[in-house]
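Working notes, structure below.
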Amino acid sequence: MGKKVFVFLVLVSILVLAIDAVSVDRLNIWPMPMSVSHGEHRSLYVSKDFELKTEGSKYNDASGILKDGFSRLLDVIQVAHVIDANFSGIDTSVLLQGLHVVVLTADDELQYGIDESYKLSVPDSGKPVYAHLEAQTIYGALHGLQTFSQLCHFNFTLEVIQVPRVPWTVIDKPRFSYRGLLIDTSRHYLPLPVIKKVIDSMAYSKLNVLHWHIVDTQSFPLEIPSYPKLWDGAYSISERYTFADAAEIVSYAQRRGINVLAEIDVPGHALSWGIGYPSLWPSKNCQQPLDVSNEFTFKVIGGILSDFSKVFKFRFVHLGGDEVDTSCWILTPHVRKWLTKHSMNESQAYQYFVLRAQTIALSHGYEIINWEETFNNFGNKLSRKTVVHNWLGGGVAQKVVASGLRCIVSNQDKWYLDHLDVTWQQFYMNEPLTNITNPKQQELVIGGEVCMWGEHIDGSDIEQTIWPRAAAAAERLWTPYDKLAKDPRKVTGRLAHFRCLLNQRGVAAAPVAGPGRVAPEEPGSCYRQ
């Protein structure tokens with residue numbers, strides 16, 4: 001008998017867990033599931049031929065989403081270590097042979113409000129031993145795979161993947177249907193591999209909407225086939241995304257259970273549009289907001305949204321509408337003349353612009369998300385298919401849902417990642433339903449979003465600015481309210497463990513100690529930083 005097999009059998013016979021003490025002492029799953037039960041002293045060990053079984057599943061996986069998800073699972077639980085155990089001498093009663101996944105719905109369309117629930121069980125015995133995962137949809141199953149990955153540890157003594165504390169039973173579903181992260185590719189260009197890494201790390205923490213703030217004042221990096229000169233507003237010819245690139249991002253995200261919300265921010269934040277089409281500017285000296293008096297402006301918006309509808313299949317499109325300084329319209333003679341002709345002042349023109357852009361979006365099958373200024377200024381005029389995106393501060397969500405509109409919470413004092421002085425504890429304790437007690441109004445808060453604005457962020461520092469603070473918000477959005485810690489100190493160790501797990505998976509998450517994007521203070525264990 002080889003030395004490794006002998007050691008293995010001795011350890012199994014006395015039921016000792018050969019894993020890091022941090023993992024023994026507490027339940028290290030993030031975000032915390034709705035319901036978890038587990039054993040204490042028995043472990044299983046993942047077979048070298050660990051397999052995926054799908055008997056009884058209604059989902060045929062023609063697109064390979066489950067197969068690819070299972071392959072990624074194997075990669076992340078191995079965390080690049082070499083599995084070098086001698087499996088021939090291991091008692092099959094402690095070998096986990098595979099994962100049996102049953103998906104109860106054949107469809108794999110990803111859309112807002114799909115069922116993301118799952119039930120995961122890992123037995124402590126069997127002939128043979130298989131874990132079981134059941135979900136209504138393939139996307140619930142993907143969440144179950146993420147949770148299973150966090151039950152696994154690499155055992156350095158035996159050089160094998162171990163599942164301690166069996167049996168496990170996890171019953172889980174998200175608290176909110178919309179759990180978002182915004183990235184900004186206008187202030188700094190983000191290369192495609194960087195965006196894909198962000199998407200991967202979102203899946204690890206069960207976030208499910210990538211809000212792509214594609215364009216802004218500074219640059220217009222995306223190809224728009226209907227108006228090909230728009231991307232003349234890119235920083236350079238190499239800092240661009242083709243339309244095929246956008247489709248690839250959407251597909252890559254969808255296969256991980258993540259919707260992509262595309263944003264064009266109108267009428268403000270749009271100076272870059274006029275690089276390719278100067279007539280979109282009120283004048284050469286007064287370049288934003290977009291020219292409300294020019295029919296071409298709305299033709300371009302229509303063309304963009306028509307092109308978007310071919311790629312961005314999420315139910316919603318984001319039309320911005322924030323921080324609109326209308327003085328440019330008053331200062332431009334032909335716009336001022338148009339306002340007089342239509343008996344509008346500048347604030348009425350702002351309303352006209354936003355509502356007309358909404359009508360165009362609705363004609364392409366979208367529901368609309370607008371920043372909160374639109375609600376604050378003319379909320380009763382907005383389409384009833386509008387979701388108001390709160391960012392300025394507290395109390396807005398309460399007013400939005402009282403009016404019968406839906407809301408997404410991103411208040412900048414707690415959920416803006418570029419605010420480096422905001423700690424993970426503040427991210428964790430930010431409650432989207434603050435002062436909203438009516439159950440029907442609570443349902444109108446569809447979720448929340450953390451925002452990674454790009455003025456001081458590019459591919460060199462985006463990951464450590466997002467993580468682990470975004471994970472703190474992710475648990476707030478996923479976990480049932482009564483399971484959330486009332487004191488963030490109670491989850492510090494578990495979040496530190498998740499941050500170390502992200503590092504092990506190649507995600508440059510910053511230490512938990514300190515505010516955003518800090519460096520380690522001194523030598524020491526990852527779990528203590």
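The values are calculated or read from the model by the stated rules, or taken from the named source; none is laboratory data. Note that the structure is predicted; figures quoted are calculated from it, not measured. Quick reminder, even Gly has a Cβ in these numbers, built from the backbone with ideal geometry, and neighbours come from all protein chains shown. All accessible areas refer to the heavy atoms of the entire protein, side chains included, with ligands and DNA or RNA removed. Shrake-Rupley method; radii C 1.70, N 1.55, O 1.52, S 1.80 Å.
For the reader, a short list of remarks on this structure follows.
- Residue check for Ala470: touching a strand residue (DSSP E or B) at 6+ places or on another chain (Cβ under 8 Å), closer than 15 Å to Ile29 by Cα and in a helix (DSSP H, G or I): no
- Candidate set: region 116-136, residues that are in contact (Cβ under 8 Å) with a residue 40 or more places away in the chain and within 23 Å of the chain's Cα centre (by Cα); chosen: the one farthest from Ser37 (Cα to Cα): Glu116
- Residue count, region 361-396 (criterion: closer than 18 Å to Asp325 by Cβ and open to solvent by less than 30 Å² (accessible area, probe 1.4 Å)): 7
- Near pairs, Cβ below 7 angstrom, 6+ apart or cross-chain, from region 56-81 (open to solvent by 30 Å² or more (accessible area, probe 1.4 Å) and modelled with pLDDT of 95 or more) to any residue that is assigned to a loop (DSSP other than H, G, I, E, B) and among the charged types (D, E, K, R): Ser63/Asp108; Lys67/Asp61; Asp68/Arg255
- Index of the failed condition, Pro31 passing every other in (1) out of contact with any strand residue (DSSP E or B) (no Cβ under 8 Å at 6 or more places or on another chain); (2) assigned to a loop (DSSP other than H, G, I, E, B); (3) open to solvent by 50 Å² or more (accessible area, probe 1.4 Å): (3)
- Residues of region 82-104 that turn out to be buried (at least 18 other Cβ atoms within 10 Å of the Cβ) and within 28 Å of the chain's Cα centre (by Cα), as a count: 4
- Every residue from region 361-388 that is in a helix (DSSP H, G or I) and of a type outside the set (Gly, Ala, Ser): Leu362, Glu372, Glu373, Thr374, Phe375, Asn376, Asn377, Phe378, Asn380, Lys381
- Among residues of region 516-529 that are open to solvent by less than 80 Å² (accessible area, probe 1.4 Å), those with a Cβ under 6 angstrom from a residue that is not in a loop (DSSP other than H, G, I, E, B), sequence gap 6+ or separate chain, pair up as Gly516/Thr465; Gly516/Arg469; Arg517/Gln464; Arg517/Thr465; Cys526/Cys500; Tyr527/Val22; Tyr527/Ala496; Tyr527/Cys500.
- If you go through region 197-229 and pick out every residue that is open to solvent by 10 Å² or more (accessible area, probe 1.4 Å), of a type in the set (Ser, Thr, Tyr) and farther than 19 Å from Val507 by Cβ, you end up with 3.
- The residues on offer are Gly180, Gly257, Gly233, and the sole one that is modelled with pLDDT of 95 or more, on the phi > 0 side of the Ramachandran plot and of a type outside the set (Phe, Trp, Tyr) is Gly257.
- Sub-6 Å Cβ pairs linking a first residue in region 156-168 that is more than 16 Å from Gln97 (Cα to Cα) and touching a residue at least 24 places away in the same chain (Cβ under 8 Å) to a second residue that is assigned to a loop (DSSP other than H, G, I, E, B) and open to solvent by 50 Å² or more (accessible area, probe 1.4 Å), at least 6 apart or interchain, are Glu159/Asp84, ordered by first then second residue.
- Per-region count, region 285-296, residues touching a helix residue (DSSP H, G or I) at 6+ places or on another chain (Cβ under 7 Å) and either open to solvent by 10 Å² or more (accessible area, probe 1.4 Å) or of a type in the set (Ser, Thr, Tyr) (or both): 6
- Unique match (being open to solvent by 20 Å² or more (accessible area, probe 1.4 Å) and of a type outside the set (Lys, Arg)) among Gly140, Gly113: Gly113
- Qualifying residue in region 177-196 (condition: within 22 Å of Gly454 (Cα to Cα), basic (Lys, Arg) and crowded, with 23+ Cβ neighbours inside 10 Å): yes
- Applying the set (1) under 27 Å from Cys500 (Cβ atoms); (2) part of a helix (DSSP H, G or I); (3) of a type in the set (Gly, Ala, Ser) to Ser93 leaves exactly one unmet item: (1).
- Filtered by the rule that a residue be of a type in the set (Gly, Ala, Ser), in contact with a helix residue (DSSP H, G or I) (Cβ under 8 Å, 6 or more places away or on another chain) and open to solvent by 10 Å² or more (accessible area, probe 1.4 Å), region 448-500 gives Gly459, Ala485, Gly493.
- Looking at Lys299, Lys310, just one residue is surrounded by fewer than 21 Cβ atoms within 10 Å (Cβ to Cβ), assigned to a helix (DSSP H, G or I) and more than 28 Å from the chain's Cα centre (by Cα), and that residue is Lys299.
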